[in-house]
Amino acid sequence: MNTPASSSSSPQVNERTKLALIAEGGGQRGIFTAGVLDAWLAENYDPFDMFIGTSAGSQNLTSFLARQKGYAKRLIRGLSRHKRFFQVGRGLVGKHIVDLDWYFDKTKETNRLLDFSAATENLGDRELFITATNSRDRKPYFLSPTGSANQWRELLKASSALPFLYKQGVELTTDYNASAYNASSNNGERTSVSSSDRALARKGIAKGPTKGGQNASCIKQTAPISDFYLDGGLAAPLPVREAYERGAKKIVVIRTGDINFQARSAWLHKLKSLVCATGHCPKTINYLVQHEQAYQQELAFIANPPADVEIIQIFAGKPLHSKLLGSTDSDLRHDYKVGVSAGKHFLDQHEAAKDRDVALPPTGDLALPATDDSALVAAMNGSPINQTAFESHRLSA
């Protein structure tokens, strides 16, 4: 496992900093992320060594790797607003409220084909992890596609399967999760896998995880089993620590929540205390509480990261207009444009820093206007947020 460099360690000469890109979920709010990534595709910007996507974020990263500019926007504005996709009434008759099967079947059609072959080719030897929550142990798993379109599609579906809305989740076999390298704890210590083992796993050769850098393939192998997996955001909503523990020393995070979003819900804890007092605590409530706690842990890590990592956040300066589900088309078009503006702003700052041969500021925010249509790029390295406003720039819907 990669361990943080001590403050007394001198940087290794000629060692390239491992750069990770993390895309948060958020349902239809993922159209903001789609805008950011489309702005980068327009400029052929893709310097990343590692990708980690959660829920809608994993779909966005896949279309980004496939170089399908505008694809995610089209699906969010089209399929996710279709009456077939989201129907509350279906839950009353035991069916999925959100029909992910229909949604992902549509990505097989010629006019909506998601190009997994191109995504595999563009990924190359780099790492892609799709997060999912195991419904049995409720732990986060980081799943790597093998290149098979069907397998990759199933991983995306599992990462997006919200409890209650998609019943018990998506069933995946050991063949899917053998290379996932569950980020579970082992006597309080997290486990990880060497990059060489992950490369083998991508080719279908599963090896055991490593603990403290030692290969653990000697762990007794069990017979293939199937487990049900749910939305990755339940256990790993913002997997910044995971990227760091896998060796990333510069991490770019595309957020779908605004700067003030803390994932704290007083009503949720009140509801839990009332409902669970009866002796029956629905799994859905436990999952929501788990999501909140996991989010808080990641925010704490981002606010006070190790000294040897740089974390850059891209997010809307104020709440996006779109929602998890049920957004209007005008709200989606608005948030996509905000995302495109944020992506361009990031590139402008990146190029300016490169021209000056300096890093992005280690503290403070690099902000667009402080309006409803603002976007923010925050480069933080253990210091409090200190907003710096740029000239006003309002976007039209």
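Bear in mind that the values in this text are calculations on the coordinates, not laboratory data. Treat the numbers as computed from the prediction; the structure is a model and nothing was measured. Cβ sites come from the backbone with ideal geometry, for glycine too, and all protein chains shown count toward neighbours.
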Amide N proximity, the stretch 48-74 versus GLU351 label position 7 Å along Cα-to-Cβ, cut-off under 19 Å: 48
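When you count, for each residue, the other Cβ atoms within 10 Å and take the mean per peptide, how do 37-45, 20-28, 157-165, 137-145 rank with the highest first?
Values: 37-45: 17.3, 20-28: 26.2, 157-165: 24.1, 137-145: 21.6.
Ranking, from highest mean packing down: 20-28, 157-165, 137-145, 37-45.
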Can you check what the net charge comes to around LYS95, using other residues whose Cβ is under 15 Å from the Cβ of LYS95 (Lys, Arg +1; Asp, Glu -1)? +2
Using per-residue counts of other Cβ atoms within 10 Å, averaged over each peptide, order 300-309, 48-57 from highest down. 48-57, 300-309
How far apart, in nm, are two points set 7 Å out from the Cα along the Cα-to-Cβ line at ASN122 and at PHE164? 3.6
Among SER144, THR133, SER117, whose Cα lies farthest out toward the positive end of the dipole of the stretch 73-176, if unit charges sit on the beta carbon of Lys, Arg (+1) and Asp, Glu (-1)? THR133
Size of electric dipole in the stretch 289-350: Cβ of Lys, Arg +1 and of Asp, Glu -1, about Cα centre, debye, nearest 20: 300
For the VAL88, THR110 Cβ pair and Förster radius 25 Å, calculated FRET efficiency rounded to 0.05 is 0.20
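Calculate, for GLN293 and ASN44, the FRET efficiency according to 1/(1 + (r/R0)^6) with r their C-beta to C-beta distance and R0 51 Å; round to the nearest 0.05.
On the way: r = 39 Å, r/R0 = 0.77.
Calculated value: 0.85.
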Counting only other residues whose beta carbon sits under 11 Å from that of LEU238, what net charge do I get with K and R as +1, D and E as -1? -1
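May I ask you to order 242-254, 106-118, 324-336 by the average number of other C-beta atoms within 10 Å around their residues, highest value first? If you can, show how the numbers build up before the last one.
On the way: 242-254: 22.7, 106-118: 14.4, 324-336: 18.9.
The densest-packed peptide leads the list: 242-254, 324-336, 106-118.
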Which three extents, in whole angstrom, do the alpha-carbon atoms of the stretch 16-165 cover along their principal axes, largest first? 54, 37, 26
Give, as a single signed number, the net charge of other residues whose beta carbon lies under 9 Å from the beta carbon of THR54, with Lys and Arg counted +1 and Asp and Glu -1. -2
